[in-house]
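The values are calculated or read from the model by the stated rules, or taken from the named source; none is laboratory data. Just so it is clear, the structure is predicted and the values come from calculations on it, not from any experiment. Cβ placement follows ideal geometry from the backbone for every residue including glycine, while neighbour counts extend to all protein chains displayed. Side chains are part of the model used for accessible areas, which takes the heavy atoms of the whole protein and leaves out ligands, DNA and RNA. Shrake-Rupley method; radii C 1.70, N 1.55, O 1.52, S 1.80 Å.
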Amino acid sequence: MTEPMKPSYWYCDACNRLLLHGEYRFNCTVCDNYDYCEQCVTTVDPPHPHRMVLELAYGREETKECAKVDMATAIRTAIAMYSDRHCMGIRDIDKENPSIYMDSYSWFTFKTIGNRSKNFGHGLRHLIEPRGYLAICAGNRPEWMITDFACIFQSMSDSGLSIHFMGDIEQAGFIKNGSSGFPKGAMISESAYRATFPRWCLPSSLERITLSYRPLAWAADRDAIITTFLCGGRTGFSTEDPSRLMDELALVRPTYFGGPPSIWNKIYTEFKISLALITAHCQPEAIADEEKRLLQQFSRLIPNRCKSIAMGGAMVSPVVFNFLKQCFTHCSVNESYGITECGSVTYNNLVENSLQYRLESVPEMGYTVEDKPFPRGELLTKTPQMFSGYINNPEETSAALTEDGFFRTGDIVELCTSRNGQINIHVIDRKKNFFKLAQGQFISPEFLQNIYIQSPFVEQIYIHGDLLSDSVSAVIVPNQKYAQAYAIEHNLIDFNINNPHPELINAILQDLHSIGEKESLRKYEIPSRIIIDFEPFTSQNGLLTSSMKPCRHKLAAHYADQLKIPNAIEQRLKTIIENVTGRLISIDNKEENVFLSIGGDSLAAIRLSRMIENDLGISLSFNILFDPKMNLERLTTYIQNPSQFSSFSQSILSQMLNDSQLDFNIKVEKHKSIIDFPSMVLITGTTGFVGAFLLAELLTIYPIKCKFVCLVRCQSSINGLDRIRKNMLFYQIWKDDYEERIIPLQGDLSQNNFGLDKETYQSFVHQIDIIFHCGAIVNFILPYNQLYGSNVYGTREIIRFATHIPSSCIPIQYISTISVLPFDIDKEISIDETSPEQLIGGYAQSKWVAEKLIAKANHSGLLVNIYRLGLICADSRTGACNQHDIYTLLITAMMKMNCYPKSLTECHLNGLSVDFTAKTIVNLSNLKSNVYGNIYHMINQNSEIKFVDIIDGMHTCGIELESVSYNEWKMKMKRFNDQNNPLESVSEFFSKSAFSERSLISADQFYGAVCALDFPSFDKDYICKWLSFIMHNVVRK
């Protein structure tokens, strides 16, 4: 030791000599602060009656000044200040048999830990660049913290893919320098992390000892070790075997011990079982004495040196909390509430001084800030220890944080005001753990589990429920000792843990009922059926998390077959489908699609998908609903085994790839010769939005002698021209002199030769000079197989039509969509350079395959231009817009409900007006033939429409709007849909991040070709025209 004559904080209780700094002392494991010197421990007669353990005596350290206030400096200061103290310890193993652990610990000094951290940090510099990332994958041990400190010293952060032996890196670091950093799902800045430790390296006579047994990736345990380290204390590491935890608690004897509810529940369970067995045949007057004796016995589980215990990580039962206070009287018993993302929140329900917080109502669960006598809702917090976000996960980060930077904890709390005016925050539930029963009742499983733990039968319990059940079920891990005692007392012969006796099961069920009635629980909160399993939930079998909390999704999967209610799902599905469609269906129908056979459409699909998710908790792809072979039996199987969804998606991808490889067997020898302007044009999609404006622009630009053949799908009794006229009248672009130039051709893209007779087909093949293929079903709900006919097969038929006469092929102007590009593609590249794997929805998928066919025809020599349209907005002259567009429907909903989601104010639209879009397509199509083969991204990079301006425009138009939260808006939308013309597609589209930003898409070729044209401005006048059109032609329709 560096200062052998310096006095320590300890003296010998036998000879009263003050021990010196660096001397060893023998500390009693039972008596409070009782020590012998090395001489007295061998000479005192009689010897001390209790076990004594060798520990180090140390004295006051000289305070070191910190040159900088950062974590690296603080750790280095602690290493220098406490260099010869014990710092970290591991349990000894038998040298003859390493599988056996000894009842002792070996300790490393601060100096040793400091040197290893420095060397390891330098070694890392050979592997990781400064500000690089490193992942720690290890159990609880000093090496975890050595790596942590090394990363802090070298300023590093998350995971490389190579694997290295730590000893090799340390040795390399002993020779040369280097740099690295520590990983976390939640990213925490150095300054935020430093705020967790407001005091460090201050001399103190108080001994601080910590037992580390929970994952160090969990902020609370890592923080506890560093706090202990900065105070000059020591940490003993457990062997990570839960069965040895109480032994190691007795060996390390920490001054503070924190644990999750599972540990305290286990102690309480053992106590109540022991008490029940001891007092089973006692006289009533003797029970109190037995309970007192047993409490004293159990109090020894927490060593006498431990002066504070805490529970955190999840809710603890009030029954268990009161037991702990009654049992461990030598400790203060505390409740700690903190979160990795924002640090400490409350201690014993009292708000931390630096905490900013507010509540947000969760009306669907019955919690609001208006509740009496105390406000209730989800807790939102902001602290100096706030995280920076989730690594590589911007979506989750955005969902977790509010616009003003508060963190959504997911915890339901109650704000109580004490008599002295202090605010207490009581966690009463966990938002994500709620589930709903068949009649719509919300259930809090943690709340019920904390009640039923009172049963002497219950060692562990998992409360389960779903949307098919009228009441909860429970999985019980019984206390084997108590269950055996019950079996013996009630003469249950052949006690078998693998096949529990029905009488035992009934006794447990009756006990749960009694507790439920005593606690005034509702009938549906009392288990109607139970599953008995003597195999405990552990982290090893995956049924507990690494922090020893019940892993609910794994428990649900593990017991799925036993919890399943036979035939209930099929019957519930049948009822849901009948309610949505208003048609009866037969369970016996095994052949046809159960949804399509009774007239299901896209709006019905939205309603059905939403009801299945609400009622059965399964989010169902529209592809599945529209699969031709999806009968009720298959649909039930998918609901019961959602893992099959991925294989279904894979089959769609395979179908797309096969469809895109279609062999046309076409020949392209020569194209039609066009002088100045074509004499006859084939145009598809004229009864749609863009197609109508494209037709109007062509009619305006092309000479009066040019005729336009418009392929129109309609019944034979309906005049195709009437459909075109009605559509263009709605968009305010019809002129009576158009009639004589339009040739309506009744046909269908999804049929061979458009469904035309041979003579008509041949006639038009000879007359058409150019094709504008704009026809497609634009529907973001329908799956690929429902759009295949019009969008894929129709494009194939257009190509066949264009190449019908190889010596006189017809050029194609093909209208595609930006949706064919995956989110990570931003260039005007060929569709052949993209993959369909990331495409979402049938529309994008069908247009991708269609463009693949167009590209293939182009490779065969056919002249083609491709126009990939982005968002197409209202006419800049009149405000006329697509009445079926999702944004039109959204604005319609806002106008009708007089409210909008607050988050909408952050959004904007990048689009082109429909009249400018049509003008540029026609302009580009009139360029010389040598420019064929181009791909144009028709998007607006110069201006945007902000939703703030749209909302202001509505106010200008006299429409009063209220700003509401997104959740409240969803609830209003649901009520509105239930009462009025359904707008389900708005809710569906908005919920799937309709306004999420994709990467900026290149449009260089488009802008280079149309630079001479004036882009319309999205000013207040434009927005006013647009809103006025919606008000008069959609809202008041």
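In the stretch 542-564, how many are small (Gly, Ala, Ser), free of Cβ contacts under 8 Å to residues at least 24 places away in the same chain and outside any loop (DSSP other than H, G, I, E, B)?
Number of matching residues: 2.
VAL69 - would you say it is within 53 Å of the chain's Cα centre (by Cα) and not assigned by the TED database to the domain that holds GLU190?
For VAL69, the condition - within 53 Å of the chain's Cα centre (by Cα) and not assigned by the TED database to the domain that holds GLU190 - is not met.
Give PHE321, PHE237, PHE271 a once-over and let me know the one that is open to solvent by less than 20 Å² (accessible area, probe 1.4 Å) and under 38 Å from the mean Cα position of the chain (by Cα).
PHE237
Which of the strands (runs of 3 or more DSSP E) found entirely inside the stretch 1-93 contain at least 1 residues meeting this: farther than 30 Å from ASN119 by Cβ and without any contact (Cβ under 8 Å) to a residue 12 or more places away in the chain?
Numbers: elements: 7-11, 18-20, 24-28, 35-37, 52-56, 86-93.
Hits in the stretch 1-93: 18-20.
Go through the stretch 501-533 residue by residue and tally those that are in a loop (DSSP other than H, G, I, E, B), open to solvent by 20 Å² or more (accessible area, probe 1.4 Å) and touching a helix residue (DSSP H, G or I) at 6+ places or on another chain (Cβ under 9 Å).
Final tally of qualifying residues: 6.
So, MET680, is that one in contact with a Pro (Cβ under 6 Å, 6 or more places away or on another chain) and aliphatic (A, V, I, L, M) or not?
no
Of all residues in the stretch 87-113, count the ones that are under 15 Å from THR235 (Cα atoms), in contact with a helix residue (DSSP H, G or I) (Cβ under 8 Å, 6 or more places away or on another chain) and open to solvent by 10 Å² or more (accessible area, probe 1.4 Å).
Residues flagged as under 15 Å from THR235 (Cα atoms), in contact with a helix residue (DSSP H, G or I) (Cβ under 8 Å, 6 or more places away or on another chain) and open to solvent by 10 Å² or more (accessible area, probe 1.4 Å) within the stretch 87-113 amount to 6.
Yes or no, residue by residue, for (1) at pLDDT below 75; (2) exposed (fewer than 13 other Cβ atoms within 10 Å of the Cβ); (3) aromatic (Phe, Trp, Tyr); (4) over 30 Å from ILE815 (Cβ atoms):
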| site | (1), (2), (3), (4) |
| --- | --- |
| ILE624 | yes, no, no, no |
| GLN661 | no, yes, no, no |
| ILE675 | no, yes, no, no |
| THR686 | no, no, no, no |
| GLY691 | no, no, no, no |
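Please indicate, with yes or no, whether at least one residue in the stretch 871-882 is at pLDDT 90 or above and assigned to a helix (DSSP H, G or I).
The answer is no, given that none of the residues of the stretch 871-882 is at pLDDT 90 or above and assigned to a helix (DSSP H, G or I).
Consider the stretch 697-713. How many of its residues are over 15 Å from ILE683 (Cα atoms) and open to solvent by less than 50 Å² (accessible area, probe 1.4 Å)?
1
All but one of (1) without any contact (Cβ under 8 Å) to a residue 12 or more places away in the chain; (2) crowded, with 18+ Cβ neighbours inside 10 Å; (3) polar (S, T, N, Q) hold for ASN727; state the number of the condition that does not hold.
(1)
Condition check ((1) open to solvent by 40 Å² or more (accessible area, probe 1.4 Å); (2) at pLDDT 75 or above) across all residues:
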| residue | (1), (2) |
| --- | --- |
| VAL914 | no, yes |
| ILE921 | no, yes |
| TYR932 | yes, yes |
| TYR936 | no, yes |
| TYR966 | yes, yes |
| TRP969 | no, yes |
| ASN977 | no, no |
| ASP1004 | yes, yes |
| GLY1008 | yes, yes |
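Take the conditions over 24 Å from CYS31 (Cα atoms) and outside any strand (DSSP E or B) and apply them to SER274. Does it pass?
yes
Give SER750, SER716 a once-over and let me know the one that is out of contact with any Cys (no Cβ under 7 Å at 6 or more places or on another chain), exposed (fewer than 15 other Cβ atoms within 10 Å of the Cβ) and part of a loop (DSSP other than H, G, I, E, B). Please lay out each step first, then the result.
Details: SER750 fails: exposed (fewer than 15 other Cβ atoms within 10 Å of the Cβ).
Matching residue, one of SER750, SER716: SER716.
Is it true that some residue in the stretch 867-874 is open to solvent by 10 Å² or more (accessible area, probe 1.4 Å) and of a type in the set (Phe, Trp, Tyr)?
No, the stretch 867-874 contains no residue that is open to solvent by 10 Å² or more (accessible area, probe 1.4 Å) and of a type in the set (Phe, Trp, Tyr).
Considering only the stretch 445-457, state which residues are within 30 Å of the chain's Cα centre (by Cα) and open to solvent by 10 Å² or more (accessible area, probe 1.4 Å).
Scanning the stretch 445-457 gives GLU446, PHE447, GLN449, ASN450, ILE451.
Identify, from the list THR417, THR397, THR409, THR383, the residue that is of a type in the set (Ser, Thr, Tyr), over 30 Å from ILE612 (Cβ atoms) and open to solvent by less than 30 Å² (accessible area, probe 1.4 Å).
On inspection, the qualifying residue turns out to be THR383.
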